[in-house]
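These notes are about the structure you will find just below.
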Amino acid sequence: MVSWRPAAVLPVMPSRGLRRLMLSVLVDTAGAGLFLPLSLLFLVEVRAIAPAVAGTAVTAGSLVSFLVIPVAARLIQRYGARHCLMASNVLTAGGYGLYFVADGFGSVLGAALLVMSADRLYGAAWPTALARVADGEELTRWFSFVNFVKTACLGTGAVAATGLLAVAGRSGLSVALAVNAISSVVAAAVLVGVALPERGADPAGSGGGRSSVWSALRDQRFRSLVLSQTLLSFAWLIPTIAFPVYLVSVLGLPAYWPTLVVTARYAGIAVLQMPLSRLTARSTRARVLAGAIALAGCAVAVTAAIPLLPAACTGAAAVLVAALLAVAELTSKPTAAAAAVRLAPPGDEGPYMAVFQLTWTVSYAVGPAIIGIGLGRPLLLWIGIGLAVLGSGVAHLHGRARVRT
């Protein structure tokens, strides 16, 4: 068991509003971690929907939900981050409630669209709320801490989901869904009465705010950051989505290797997130992001070389890839999020953070399809992901001269 002192991990003693925000994120993420690994299985086993129909409907709902991003930005400006977080939690609970009555493509699409639209609102609102209550000079460490909390909750929820399925069988799927919906309502309730400053020091932000999704996209520094991180995020798909199929079905390794790979990823992020946050605090954000891109590139190169290795080294190489990508991910994500906040107009971060969520949502929306098709020719898949990482580096270099930290 890893022990650490809160004072050594957290940048400052958290305010009441910040503590409640962290608790809300924890509860919401734990519930999601419990159900998300089982969501498609629930639709197939409990609702008797064909896997192709369920998977296509969920993917379609995810893609259509990107149209909600401009709306989410305006809602945050008008009603504030806290109210949008609460609304997102309630909408999420309603969307998951619809899963209980889904019986075909249309109903699954509607439920998934509601859930993912709420997620688009949540993805914009929670970093905006964090920017309002955390010290601006400590944003990177706070984003690191939130990433640590969310990863730990997702991992714990996933483990609990596996145990629940083993013990309760098909009924366990319904229990997991119900707990997830309830956790969203509880996460909203935690924020009731919490006072978050809805605007920063910039009085010009009154009257709906100055920025918009379109002005954020016109910001060259911010656009380079978003493009770089979006391309880089395709590398995160390797250990979680590609390797379970690649290692077992393509390379013929024993079925326990994907478990070891996922364990290495989650353990690496959970154990190293905060120590690396302290180590990288001495470097500029530009250098930290460049180092993460380089590390991800090395991981992709090792992945492409796995078939050339002796059979006894294949599984260990996959675990190494997961560890390298974990380090790259846990350094780049909080650093990039803090950089995005600093590039936004003070007190009017909502539109910028609404756009910034593309850096993790795009790859996870289209990634399963890309991985599924690409595993027919693995080398081309790794080359494609490698080119995405290379493009990330080019976009980062293009914006580096403009981003001042």
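The values are calculated or read from the model by the stated rules, or taken from the named source; none is laboratory data. As the structure is a computational prediction, the values presented were derived from the model and not from experiment. Counting neighbours? That spans all protein chains shown, and the Cβs are built from the backbone with ideal geometry, glycine included. Accessible surface areas use protein heavy atoms only, side chains included; no ligands, DNA or RNA. Shrake-Rupley method; radii C 1.70, N 1.55, O 1.52, S 1.80 Å.
The table below lists the values:
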quantity: Calculated P(r) of region 289-336 - Cα pairs past 13 Å, %; calculated: 53
quantity: Mean separation of Cα contacts under 8 Å (6+ apart) over length of the chain, as relative contact order %; calculated: 26
quantity: Over the chain: helical MRE at 222 nm, DSSP H runs n ≥ 4 each giving -39500 (n - 2.57), nearest 500; calculated: -25000 deg cm²/dmol
quantity: Karplus-derived HN-Hα couplings along region 58-65 (A = 6.51, B = -1.76, C = 1.60, θ = phi - 60°), whole Hz, x at Gly and Pro; calculated: 5, 5, 4, x, 5, 5, 5, 5
quantity: Whole-Hz couplings from phi, Karplus 6.51/-1.76/1.60, listed for region 82-97; x for Gly and Pro; calculated: 5, 4, 6, 4, 5, 4, 4, 4, 5, 5, 4, 4, x, x, 5, x
quantity: Distance cut-off 25 Å, percentage of C-alpha pairs in region 16-193 lying past it; calculated: 34
quantity: R0 of 51 Å, Cβ-Cβ distance S171-A294: FRET efficiency to nearest 0.05; calculated: 0.60
quantity: Order of exposure, largest accessible area first, which applies to F356, F148 with probe 1.4 Å; calculated: F148, F356
quantity: Ranking by accessible area, most exposed first, for L289, L67 with a 1.4 Å probe; calculated: L67, L289
quantity: Compactness of region 91-183 - radius of gyration and Dmax, Cα, Å; calculated: 16.5, 50
quantity: Cα-only radius of gyration and Dmax that characterise region 213-402, units Å; calculated: 17.0, 55
quantity: Heavy atoms of R221: accessible area, 1.4 Å probe, square angstrom to 10; calculated: 90
quantity: Mean Cβ neighbour count within 10 Å, used as a protection proxy, ranking 321-334, 248-261, 70-83 highest first; calculated: 321-334, 70-83, 248-261
quantity: Other-chain or far-sequence residues with amide H under 5 Å of L253's (modelled H); calculated: V248
quantity: Accessible area of the chain divided out per residue, in Å², using a probe of 1.4 angstrom; calculated: 42
quantity: Label-to-label distance, nm, for residues given as L279 and T156 (7 Å Cα→Cβ offset); calculated: 2.6
quantity: Heavy-atom accessible area ranking, 1.4 Å probe, most first, across W236, W214; calculated: W214, W236
quantity: GNM result for the chain, Cα springs below 10 Å: residue of I383, I69, I371 fluctuating most strongly; calculated: I383
quantity: For region 16-193: relative contact order, % (alpha-carbon pairs under 8 angstrom, 6 or more apart); calculated: 45
quantity: Per-selection Rg to Rh, the chain - Cα, Kirkwood hydrodynamic radius; calculated: 0.95
quantity: In Å², nearest 10: area of T56 left accessible to a 1.4 Å probe; calculated: 80
